[in-house]
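Below is one structure; the comments refer to it alone.
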Amino acid sequence: MSFRIRGLEAEQFAHLFALPDAALAAHGAVRKIADGPAPCRVSLTDATPGDAVILTNFEHHAVASPYHMRFAIYVRQGEETFDAVGSVPVQLRRRTLAVRGFDAAGMMTGCELIEGIWLEEAIERQFADASAAYLHVHFAAPGCYAAKVERA
């Protein structure tokens with residue numbers, strides 16, 4: 001099965017890095033220095049301790065259904081959007097993940113909890129349901145959005 005994983009568009013966060021802390025707060029965001037592997041949702045790579053990151057609230061599932069979602073995410077300045085067909089970034093391989101399928105109306109078609117090393121198999125199982133239009137991958141422990149998967 002051919003699939004495409006995309007990080008978030010870098011341009012939508014670029015302006016945050018120039019804002020003073022008070023303006024960031026008005027956007028529901030804070031500037032932080034990573035003290036561990038903060039997962040950037042743009043590049044789908046982990047920040048290293050000492051890297052500057054922005055922790056912001058992001059609406060990752062803007063649908064008119066009960067599954068409308070937003071949550072906290074990290075982004076790093078100067079990153080390029082991860083966009084690859086048939087390739088899983090190391091960041092996702094290293095974590096326990098929740099994989100959730102959604103139909104075109106934003107209703108959940110399936111879900112499963114897996115170790116990242118098994119992501120391709122989970123993608124194949126979720127897309128075996130013809131009604132699954134796309135998948136969302138979440139980091140299982142904090143429950144936050146990681147990336148979108150589409151049929152390629």
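Read-outs throughout are calculated quantities, based only on the coordinates presented, and are distinct from any laboratory measurement. What you see is a predicted model, and the numbers here were worked out from it, not measured in a lab. Cβ atoms come from the backbone with ideal geometry, glycine included; neighbour counts cover every protein chain shown.
Extension gain, ALA105 to LEU55, is 15.1 nm, computed as 0.36 nm per intervening residue step minus the present C-alpha separation.
Multiplying the residue separation of ARG6 and GLU120 by 0.36 nm and removing their Cα-Cα distance gives an extension gain of 39.6 nm. For ALA38, the residues whose amide H sits under 5 Å from its own are ALA47, ignoring neighbours fewer than 5 places away on the same chain, with H placed 1.01 Å from N.
Classify region 1-69: rounded, prolate or oblate, from the alpha-carbon gyration tensor (a ≥ b ≥ c, eigenvalue square roots; a/c under 1.5 rounded; otherwise prolate if a/b is larger than b/c)? Verdict is oblate for region 1-69. Sequentially through region 17-26, phi angles give Karplus couplings (6.51, -1.76, 1.60; θ = phi - 60°) of 5, 8, 7, x, 4, 5, 5, 4, 4, 5 Hz, Gly and Pro residues having no value and appearing as x. The spacing between region 1-20 and region 81-124, judged by their C-alpha centroids, is 18 Å. Annotation: Cα Rg of the chain relative to the compact-globule expectation 2.2 N^0.38 Å equals 1.04. Of all DSSP-defined beta bridges confined to the chain, some 95% are antiparallel rather than parallel. Each peptide in 109-121, 134-146, 12-24 receives the mean, over its residues, of other Cβ atoms within 10 Å, and ordering these scores from highest gives 134-146, 109-121, 12-24. The stretch between ASP129 and VAL30 holds 31.7 nm of extra length on full extension. This uses 0.36 nm per residue minus the Cα-Cα distance.
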